[in-house]
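Okay, structure first, notes after.
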Amino acid sequence: MTRRALVLGATGLVGRHCLRLLLGCKAYDEVRVLTRREVEVEHPRLREKVIDPEQLEQEGDFFKVDDVFCCLGTTMKQAGSREAFEHVDHELVVRCGHMAKQAGVRRFMVVSALNADAHSSFFYARVKGRMEQDLEALGLPLLVLIQPSLLRGDRPEKRLAEDVGNLLSRLLEPVTRWTDAHWLPVPAERVAQAMVGMALMGPDAGVYRVRYRDFQVFAGKFQGQFPALA
C-alpha cells in the first residue's frame with residue numbers, strides 16, 4: 001500500500017535525522033517536507049516545498065499523508081522573546097496538528113520535552129505542556145508525544161546545558177543504557193529512530209508519551225527492521 005510521510009522541522013537536530021531515516025527505510029513511497037529553507041537533500045521519493053510558516057493554512061493538500069513527524073521548535077535565544085518562542089513551540093505546532101486532523105492523518109508524532117507541564121511555574125515547561133494539552137484535545141487517531149531530556153548531537157549553535165549533559169551522559173551510558181532514567185541526555189538520532197519505529201511498529205490509536213526507556217525500545221525495533229540505517 002502507498003504510505004506517505006510529512007516532516008516538519010526537517011532542518012533541525014531531530015528533524016534531519018527523521019528525514020534521512022524515512023528516505024532510507026523504503027517503508028514510505030513519498031516523504032514530504034514543508035520548510036522555511038531548503039533541506040539540501042536530493043532523493044526520488046522526496047517532495048519538498050519551501051514556505052512562509054505564517055501561510056501554513058494554504059498547504060492543506062500537503063498534509064494529506066499517513067504520518068506526520070513534527071520536529072518544530074526553537075530556543076528563547078533564537079526566538080528573541082517569550083511571545084516568539086510560544087508562537088513556534090505552541091501555536092505553530094498546534095496549527096500543524098489541526099491541519100493534520102483535517103487532512104485525515106493517522107499518526108502524529110511530535111517532539112515535546114520531558115518536563116512538559118501546562119501548570120508548571122517554568123515558562124518552557126508550561127509552553128510544552130499547553131502544546132501537548134491542545135494537541136490531545138484535537139482527537140488525532142494516534143498522538144505520540146516524544147519527551148526527551150537534553151538532546152545529544154551537533155547543532156549550529158552551542159548550548160551550554162546540553163554540552164554538560166552530553167558529557168555526563170557519555171560517562172554514565174555504559175551503566176544506564178536500559179534504565180528508566182528519563183533525565184538522561186539522548187542522541188537525537190535515537191529519538192528519530194524511536195519516532196519512525198513508533199510510526200511503523202507501534203500502536204494504531206491513542207495518546208502515548210515516549211521517554212528515555214521507550215527510545216531504546218522503539219529505536220531497537222527500527223534498527224532490527226532496517227539494520228543498514230542503524
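Assess whether Lys49 counts as being modelled with pLDDT of 95 or more, surrounded by fewer than 20 Cβ atoms within 10 Å (Cβ to Cβ) and in contact with a Phe, Trp or Tyr (Cβ under 7 Å, 6 or more places away or on another chain). Yes, satisfied. Residue check: is Ser169 under 16 Å from the mean Cα position of the chain (by Cα) and either modelled with pLDDT of 90 or more or buried (at least 16 other Cβ atoms within 10 Å of the Cβ) (or both)? The answer is no for Ser169. Answer with yes or no whether Val191 is touching a residue at least 60 places away in the same chain (Cβ under 8 Å), farther than 23 Å from Asp117 by Cα and open to solvent by less than 50 Å² (accessible area, probe 1.4 Å). No; evaluated as a whole, the condition is false for this residue. For the range 201-213, a tally of residues being on the phi < 0 side of the Ramachandran plot and open to solvent by less than 40 Å² (accessible area, probe 1.4 Å) returns 4. Within the range 13-34, how many residues turn out to be open to solvent by 30 Å² or more (accessible area, probe 1.4 Å), outside any helix (DSSP H, G or I) and among the basic types (Lys, Arg)? Total satisfying the criteria: 1. Kindly evaluate Ala10 against the criterion of being part of a strand (DSSP E or B) and surrounded by 22 or more Cβ atoms within 10 Å (Cβ to Cβ). No: the conditions fail for Ala10. Counting only helices (runs of 4 or more DSSP H) that sit completely within the range 58-124, those holding 3 or more residues that are open to solvent by 10 Å² or more (accessible area, probe 1.4 Å) and in contact (Cβ under 8 Å) with a residue 24 or more places away in the chain correspond to 76-79, 93-103.
The values are calculated or read from the model by the stated rules, or taken from the named source; none is laboratory data. Nothing here was measured: the structure is a model prediction, and the numbers come from that model. In this analysis, Cβ positions are derived from the backbone assuming ideal geometry, glycine residues included, and neighbour counts consider all displayed protein chains. Surface accessibility is based on the protein's heavy atoms, side chains included, excluding ligands, DNA and RNA. Shrake-Rupley method; radii C 1.70, N 1.55, O 1.52, S 1.80 Å.
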